[in-house]
Each structure stands twice: as structure tokens, then as C-alpha cells.
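> Got a structure for you, written out below as C-alpha cells; questions coming shortly.
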Amino acid sequence: MPELPEVETVRRALAPVLEGRILARAVARRPDLRFPLPEDFGQRLTGRTVRKVGRRAKYLLVELDDGTTLICHLGMSGSFRIYENDGPVLAKHEHVILTTDQGVEIRYNDPRRFGFMLLAEADQLASHALLRDIGPEPLGADFNASVLAFALKGRNSPIKMALLDQSVVAGLGNIYVSEALFQAGISPKRKAATIAGGRAEKLYQAIVDVLRRALAAGGSSINDHRQPSGELGYFQHSFGVYGRTGEACSGCDCDIACTGGIRRIQQAGRSTFYCTKRQR
């Protein structure tokens with residue numbers, strides 16, 4: 001599932017072609033994605049001016065001039081493509097088509113249809129069921145080591161699982177939690193409540209650094225993620241541990257014959273990758 005860097009990469013590509021533009025045409029080629037699309041979806045978007053393309057955690061937020069916001073989630077396989085000239089023949093899984101007054105076409109493709117699009121009143125976003133319990137943005141001014149430590153205080157769950165809880169910090173998923181814990185030298189099995197002081201500072205710095213590097217690389221393309229230009233992200237080539245079971249970790253001085261290299265375990269049904277020597 002796309003995480004913060006992938007969704008933010010999409011946002012940055014969509015903003016220049018949508019912000020300030022009128023949606024001259026909006027077409028839904030099927031009535032539903034993961035959930036039914038809003039009633040009269042195409043008609044409600046057509047003629048609206050896009051004020052801003054934002055993001056909250058893993059959600060894209062497209063603010064319109066009538067006071068509504070289009071909430072988009074990419075699910076497992078959703079992606080946007082931008083065509084500034086005539087695009088190719090519509091593909092089977094291109095379910096939503098937006099055309100601006102400048103003739104730019106934005107297509108939403110989702111083979112597995114785990115993504116969704118909803119409409120909400122902009123002044124009710126803070127209390128919206130999808131958004132109200134989300135924690136601070138990890139690259140925002142409201143997030144620091146003290147905030148992280150406070151959110152983890154009293155939690156007896158493993159730190160890996162705590163960081164996947166969107167109420168602790170927004171937008172992190174399996175990939176970037178594994179990478180941040182590796183960079184910070186913290187075992188994914190360590191109790192979340194023990195992350196305080198120097199450990200909290202190391203983890204905070206690692207989260208920020210990993211996300212910034214992933215953003216610079218256009219995110220990670222493992223299965224479905226593509227940038228709206230069609231290009232792959234390439235942060236997967238910089239993984240320290242994720243998906244590298246049995247290999248040496250980045251900067252390794254471990255004896256792989258003894259440690260077995262990077263280890264993969266299951267935590268609450270999710271794969272976790274870590275180095276048993278470097279992460280404590």
C-alpha cells in the first residue's frame with residue numbers, strides 16, 4: 001500500500017496541473033471503487049475549480065471552490081496518470097477521468113479497486129471519520145522527539161506496531177517503519193514505551209531522514225506504485241533491510257554465517273525486516 005512518500009509524490013505531480021484549473025469534465029466509468037462513488041459524482045465535480053491539492057497521512061485532499069473536498073485513497077494498486085496531450089486509448093482499469101479547462105487529462109487507474117474517492121465538506125474534514133484520529137505529520141513542524149515519546153508513553157505493544165498506528169504519527173507503513181527502525185538501531189520487538197530520551201531522538205531523526213530520502217527518490221516501486229508521469233520511484237534500491245531477508249544490511253559488519261543476515265518475522269500478520277545485531 002502506498003505510504004507517505006508515494007502519496008506525497010503523487011500530490012506534487014497533480015498540484016501543478018490541477019490547482020487553479022476548472023474541471024471541464026469529470027467521468028466515472030463505473031459506479032464504485034472499494035466503496036460506491038458519491039451520487040452524481042461526475043456532475044458534482046464538473047465545472048468546479050480546484051483550489052488546492054493537499055495530503056493528510058495517506059490521503060489526497062483535493063479542495064474545490066464550492067466548499068467540498070475530494071478525499072482520495074490509492075488503496076493497494078491505485079495510481080494517477082497525467083496526459084497533457086492526447087493520451088492512449090482508455091485502459092480497462094482507468095475508472096475515473098478528470099479533464100481540465102487546459103485540456104490536461106488525469107486518469108485514475110486501479111486494477112484491484114481497493115482505493116476510494118469520497119466527497120466531504122471542507123469545514124468538516126477535521127472531524128471526518130477518516131481523518132479525525134490521525135497523528136502529526138512526520139515532516140511537519142508539530143512533530144519532534146518529545147511528541148513521539150509522549151505518543152508512545154505507556155504503550156506495551158512492539159514499537160513496530162505502534163508506529164503503524166496512524167494516531168501516533170501519520171503516513172508511515174510497513175516499508176518506512178522497518179527502514180527507520182533499522183537506521184535508528186532499534187529492534188522492532190522493543191516495547192514502544194521504552195522509546196524515550198535518546199532513543200526517541202534517534203528514532204525521530206531516522207523517520208524524518210528516511211522519508212525525505214524516499215521523497216527525493218519518488219517513493220518506492222515494489223509492486224504497483226508509479227509516479228503520475230509513469231516513472232518508477234527508485235527508493236527501493238536504497239533499502240537497508242526491507243525485503244532483503246538473509247542479505248547483509250547496509251554498512252554491515254555482522255557475521256552472516258552466525259546471524260543469518262537480515263531477518264524476516266511476522267508481527268500482527270505483517271512482515272518485519274531487521275538486523276538482530278544492529279537493532280536492540
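> Counting only residues that are under 22 Å from the mean Cα position of the chain (by Cα), over 23 Å from Leu130 (Cβ atoms) and surrounded by fewer than 17 Cβ atoms within 10 Å (Cβ to Cβ), how many does the stretch 155-206 have?
1
Conditions tested, residue by residue: (1) within 17 Å of Gly230 (Cβ to Cβ); (2) outside the structural domain of Gly47 (by TED's automatic domain parsing).
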{"site": "Gly87", "(1), (2)": "yes, no"}
{"site": "His93", "(1), (2)": "yes, no"}
{"site": "Val96", "(1), (2)": "no, no"}
{"site": "Thr99", "(1), (2)": "no, no"}
{"site": "Ile106", "(1), (2)": "yes, no"}
{"site": "Asn109", "(1), (2)": "yes, no"}
{"site": "Phe114", "(1), (2)": "no, no"}
{"site": "Arg132", "(1), (2)": "no, yes"}
{"site": "Glu137", "(1), (2)": "no, yes"}
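> Taking the conditions exactly as written (within 22 Å of the chain's Cα centre (by Cα), surrounded by 17 or more Cβ atoms within 10 Å (Cβ to Cβ) and farther than 30 Å from Leu164 by Cα), does Val104 satisfy them or not?
Taking the combined requirement at face value, the residue does not satisfy it.
> Also, quick follow-up: Hey, any hits in the stretch 239-246 for a residue that's small (Gly, Ala, Ser) and farther than 28 Å from Asp110 by Cβ?
Yes: the stretch 239-246 contains one or more residues that are small (Gly, Ala, Ser) and farther than 28 Å from Asp110 by Cβ.
> What residue, of Ala91, Ala129, is under 30 Å from Ile207 (Cβ atoms) and either surrounded by fewer than 19 Cβ atoms within 10 Å (Cβ to Cβ) or out of contact with any strand residue (DSSP E or B) (no Cβ under 7 Å at 6 or more places or on another chain) (or both)?
Just a single option satisfies the conditions, and that option is Ala129.
> Another question, if that's okay. Going through the stretch 187-210 one residue at a time, which ones are in contact with a helix residue (DSSP H, G or I) (Cβ under 6 Å, 6 or more places away or on another chain) and either in the same structural domain as Arg55 (by TED's automatic domain parsing) or within 18 Å of Gly243 (Cα to Cα) (or both)?
Result: Pro188, Val210.
> Test Asp86 against the stated conditions and say whether it is under 17 Å from the mean Cα position of the chain (by Cα) and assigned to a loop (DSSP other than H, G, I, E, B).
Judged against the criteria, Asp86 is not a match.
> What are the pairs with Cβ atoms under 7 angstrom where one residue, in the stretch 106-134, is within 26 Å of Val27 (Cβ to Cβ) and assigned to a helix (DSSP H, G or I) and the other, located anywhere, is of a type outside the set (S, T, N, Q) and at pLDDT 95 or above? Sequence gap at least six, or different chains.
Ala122/Glu63; Ala122/Gly67; Leu125/Leu131
> In addition: So Ala268 clears everything in (1) within 27 Å of the chain's Cα centre (by Cα); (2) of a type outside the set (Phe, Trp, Tyr); (3) surrounded by 16 or more Cβ atoms within 10 Å (Cβ to Cβ) except one condition, right? Which one?
So the condition that Ala268 fails would be (3).
> Do you know which residues across the stretch 117-135 are in contact with a Leu (Cβ under 9 Å, 6 or more places away or on another chain) and within 29 Å of Arg213 (Cβ to Cβ)?
Passing the criteria: Leu130, Leu131.
The values are calculated or read from the model by the stated rules, or taken from the named source; none is laboratory data. Since we're looking at a predicted model, the values are computed, not measured. We place every Cβ from the backbone using ideal geometry, glycine too, and count neighbours over all the protein chains shown.
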